[in-house]
Amino acid sequence: MTNNTAAVDALAGFISQHGNMAFSGAVDWLCAQQGLDPHGEESLCLASDTNIILDSGLNDHAIAMAKAILDDERLTLRPLTSFEVLIVYGFDGSRMVGLPLAQRPPKDGYRKPHWLPALVDLHR
C-alpha cells in the first residue's frame, strides 16, 4: 500500500463519517495528513480539456494527492453550481480559483481556462 493509497483510504473514511467536502479541501486535507504543504504554482486540469481547471496553486505533492482522489473508484466528483460554490467554498475556507466557472463547456472545449469547482463524495 502506497502512502497515497493509505491517505485516500483515510479520506474515504473521513467522508463516510463527516460527509462530502470541496475538492481543494480534500487535497489540502490529504497533504496535511502527511505533513506536506500543498501550495505551489501548478494547476490540475482535466485530461479531456486542458482549459478546465480543477484546482490551482498546488505543488507536486498536492498534484499527486489530487490524482489519487481522481483515480480512486470509491470517490466521485460532483460539479457545483455558482450558488453552491459560495456556500461550500466560502463555508469551509477552501482554496478558490480566480477563473470563470466552467458551467456549460462547449463541445470543442473552452478557449480560455475555466474553473470546475467540485465536491468529493463517496461513489454510491
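The values are calculated or read from the model by the stated rules, or taken from the named source; none is laboratory data. Quick caveat: nothing in here was measured; it's all calculated off a predicted structure. Cβ: placed from backbone, ideal geometry, glycine included. Neighbour counts: every protein chain shown. When the accessible area is computed, the model is the full protein with side chains, heavy atoms only, and any ligands, DNA or RNA have been set aside. Shrake-Rupley method; radii C 1.70, N 1.55, O 1.52, S 1.80 Å.
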Kindly list the residues of the stretch 91-116 that lie in the label zone of His39, defined by a backbone N under 14 Å from the point 7 Å along the Cα-to-C-beta vector. 95-96
Amide H neighbours of Met21 under 5 Å, at least 5 residues apart or on other chains, H built in the peptide plane: list them. Val120
So what does log10 I(q)/I(0) come out to for the chain at q = 0.16, 0.21 Å⁻¹, using the Debye formula with one equal point on every Cα and no solvent? -0.74, -1.27
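Considering only DSSP states other than H, G, I, E and B, which trypsin sites (Lys or Arg not before Pro) in the stretch 1-110 qualify as loop sites with at most 16 other Cβ atoms within 10 Å?
Here the sparse-neighbourhood loop sites are Arg74, Lys107.
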Averaged per residue, the 1.4 Å probe accessible area of the chain, protein heavy atoms only, in Å², is roughly 58
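Would you mind calculating the relative contact order of the chain from Cα pairs under 8 angstrom and at least 6 residues apart, reporting the percent as a whole number?
Over the chain, the number comes to 33 percent.
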Out of Ala102, Ala68, Ala47, a Gaussian network model of the chain with alpha-carbon springs under 10 Å gives the largest mean-square fluctuation to Ala47
Does the stretch 64-124 come out rounded, prolate or oblate, given a ≥ b ≥ c as the square roots of the eigenvalues of its C-alpha gyration tensor, rounded meaning a/c under 1.5 and, failing that, prolate meaning a/b above b/c? oblate
Say the dipole of the chain comes from +1 at the beta carbon of Lys and Arg and -1 at that of Asp and Glu; which of Ala64, Leu116, Cys31 then lies farthest toward its positive end? Leu116
Give me the percent relative contact order of the stretch 51-124, please, defined on Cα pairs under 8 angstrom at least 6 residues apart. 53
Of all accessible heavy-atom area on the chain, the percent that carbon and sulfur account for (1.4 Å): 53
With +1 on each Lys and Arg Cβ and -1 on each Asp and Glu Cβ, and nothing else charged, work out how big the dipole of the chain is about its Cα centre, in Debye to the nearest 20. 460
